[in-house]
Amino acid sequence: MIEKDILDLRHLLHANPDISNQEYGTAGLIKNFLAPYHPTEIIEGIGGAGLAAVYRFSKKGPTVAIRCELDALPIQETNSFNHKSTKKGISHKCGHDGHMAIIASLAPWLERKPLACGTVVLLFQPAEETGEGAKRVMEDEKFKKIRPDYVFALHNIPKEPMHSIILMDNGFSAEVQSVIIKVRGKESHASEPENGINPALGLSEIIQKISELNVPEPSDSSFALLTPIHINMGQKSYGVSPANGELHYTLRTWSTAKMDGVKSKLIKLVEKISHEHKLRYELEWLEHFPASSVDSESNAFVRQAAEANNFSIIQRKTPFKFGEDFGWFSNSYKTVMFGIGSGVSTPALHNADYDFPDELLSTGVSMFKSIILDILIER
């Protein structure tokens with residue numbers, strides 16, 4: 001049974017969303033909620049709008065960080081309930097409002113139940129949706145001083161049974177990298193294309209060759225998914241044969257090593273085809289989400305917590321194909337992200353009618369309480 005103030009917080013956060021890199025209002029709401037529960041320290045401005053509530057206990061012990069995300073998405077909400085978004089074109093369609101409410105609700109518990117040793121850090125991270133927030137947090141001296149031994153996180157997963165705990169041994173989410181391929185030829189009159197260099201044929205050949213790099217089967221260790229996102233060429237001026245063209249792609253693999261190989265192949269084919277069609281080219285890489293790996297010791301704590309709370313465990317064979325910038329933490333700390341099933345009939349993540357199920361709040365809280373106790377009480 002979740003307390004009313006936690007439900008109210010979740011609904012307040014949902015109604016007042018902020019997009020990536022603008023989450024200062026959201027961070028303020030979180031700080032106001034946390035302050036009455038007397039953290040040892042509240043650290044603000046971590047990696048932008050990020051903040052951390054730190055609870056230090058009397059004896060030395062491990063530092064356990066529990067991380068969630070502050071940002072919403074640039075999506076117009078179609079729901080009509082009382083806590084619907086009050087901001088046009090912005091809404092919580094990934095469940096970060098629920099994740100924040102779960103983490104924040106650990107504060108009153110930590111105040112009432114002082115532990116014998118160690119430190120617990122409630123970390124509210126900005127800019128997850130753009131893949132840059134976790135990296136900035138890790139580079140921030142304020143976070144470096146925390147020195148966590150473990151970093152845990154969860155993500156709600158629609159289309160899976162409510163309250164189920166989703167585990168995997170070989171990574172939680174894919175390595176994701178987006179790229180813009182820009183080519184330039186030469187303008188000419190549309191009646192005399194031979195006097196210019198139109199990029200259309202070159203672009204079409206690049207699209208065809210990139211499609212050959214796909215290995216779409218998730219169970220294949222060479223899994224690679226290269227998705228065309230946006231195409232642009234010329235303008236609506238029918239007397240002009242254009243010079244400029246752009247292709248936007250998002251690349252997904254299971255590992256950094258595989259991603260490096262796919263990127264190398266893409267660069268070579270763009271270079272070759274551009275040369276053959278007498279096009280100049282430029283590649284712009286953006287929105288990098290490292291693969292989110294799983295530390296076996298941390299994963300064992302999650303499994304133990306699920307079993308202690310009698311939650312059904314779903315063991316996935318492959319990571320999720322979406323990106324999660326939690327992977328930046330995986331590069332430096334013992335980490336694990338686990339999934340919580342949010343219902344087989346719940347709309348998918350990033351759908352305009354999605355809303356985080358309130359029933360999951362107690363599930364997430366129970367999991368994190370057990371994880372913290374297993375690490376800090378058993379010492």
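Quick notes
- Lysines whose Cα lies under 25 Å from that of K59, excluding same-chain neighbours fewer than 8 positions away: K113, K142, K144, K145, K334, K369
- Using alpha-carbon coordinates, inclination of helix 360-376 to the longest axis of the chain, degrees: 70
- Phi-derived couplings, Karplus 6.51 cos²θ - 1.76 cosθ + 1.60 at θ = phi - 60°, listed residue by residue for region 135-152: 4, 5, 4, 5, 7, 7, 4, 5, 7, 4, 5, 5, 6, x, 8, 9, 10, 10 Hz, with x used for Gly and Pro.
- Per-peptide packing, taken as the mean over residues of other Cβ atoms within 10 Å, places 212-221, 282-291, 368-377 in the sequence 368-377, 282-291, 212-221 from highest down.
- Most mobile listed residue (E160, E69, E187) in the chain, GNM with C-alpha springs under 10 Å: E187
- Partner lysines whose Cα lies under 18 Å from the Cα of K93, excluding those fewer than 8 positions away in the same chain, are identified as K84, K159, K321.
- Test item: Cα-centred dipole of the chain, Lys/Arg +1 and Asp/Glu -1 on Cβ, debye: 540
- Peptides 267-273, 149-155 ordered by packing proxy, namely the average of other Cβ atoms within 10 Å per residue, highest first: 149-155, 267-273.
- Förster radius 22 Å - calculated FRET efficiency between A352 and Y24 (Cβ-Cβ, nearest 0.05): 0.30
- Averaged per residue, the chain has 44 square angstrom of accessible surface, using a 1.4 angstrom probe with ligands and nucleic acids left out.
- Estimated FRET transfer efficiency when R0 is 45 angstrom, pair S58-K321 (beta carbons, to 0.05): 0.50
- With 0.36 nm allotted per residue and the present C-alpha distance subtracted, the K144-T130 stretch has 2.9 nm of extension available.
- In region 25-130, the portion of solvent-accessible area held by carbon and sulfur atoms comes to 52 percent [1.4 Å probe, whole percent, DNA, RNA and ligands not counted].
- Computed in the context of the full set of protein chains, the accessible area of region 216-339 at 1.4 Å probe radius has 51% of its extent on carbon or sulfur.
- Between 0 and 90 degrees, the angle of helix 256-276 with respect to the longest Cα principal axis of the chain falls at about 20 degrees.
- Computed on region 202-280, with alpha-carbon pairs under 8 angstrom and 6+ residues apart, the relative contact order is 31 percent.
- For K272, the aspartates and glutamates whose Cα comes closer than 18 Å to its Cα, not counting residues fewer than 8 places off in the same chain, are E205, E212, E246, E282, E284.
- Inter-label distance, nm, simple model (7 Å from Cα along the C-beta direction), Y238/A257: 5.5
- Net charge, E287 excluded, C-beta distance under 10 Å - Lys, Arg +1, Asp, Glu -1: -3
- Distance in nm between pseudo-label sites at N170 and S204 (7 Å out along the Cβ direction from Cα): 3.9
- Note on the chain: helix-only mean residue ellipticity at 222 nm, from DSSP H runs of 4+ residues weighted -39500 (n - 2.57) and normalised by residue number, equals -9000 deg cm²/dmol.
The values are calculated or read from the model by the stated rules, or taken from the named source; none is laboratory data. All values derive from a computational prediction rather than experimental measurement. Backbone-built Cβ (ideal geometry, glycine too); neighbour counts: all protein chains shown. Each accessible area value is taken on the protein alone, full model and side chains, heavy atoms only, with ligands, DNA and RNA left out. Shrake-Rupley method; radii C 1.70, N 1.55, O 1.52, S 1.80 Å.
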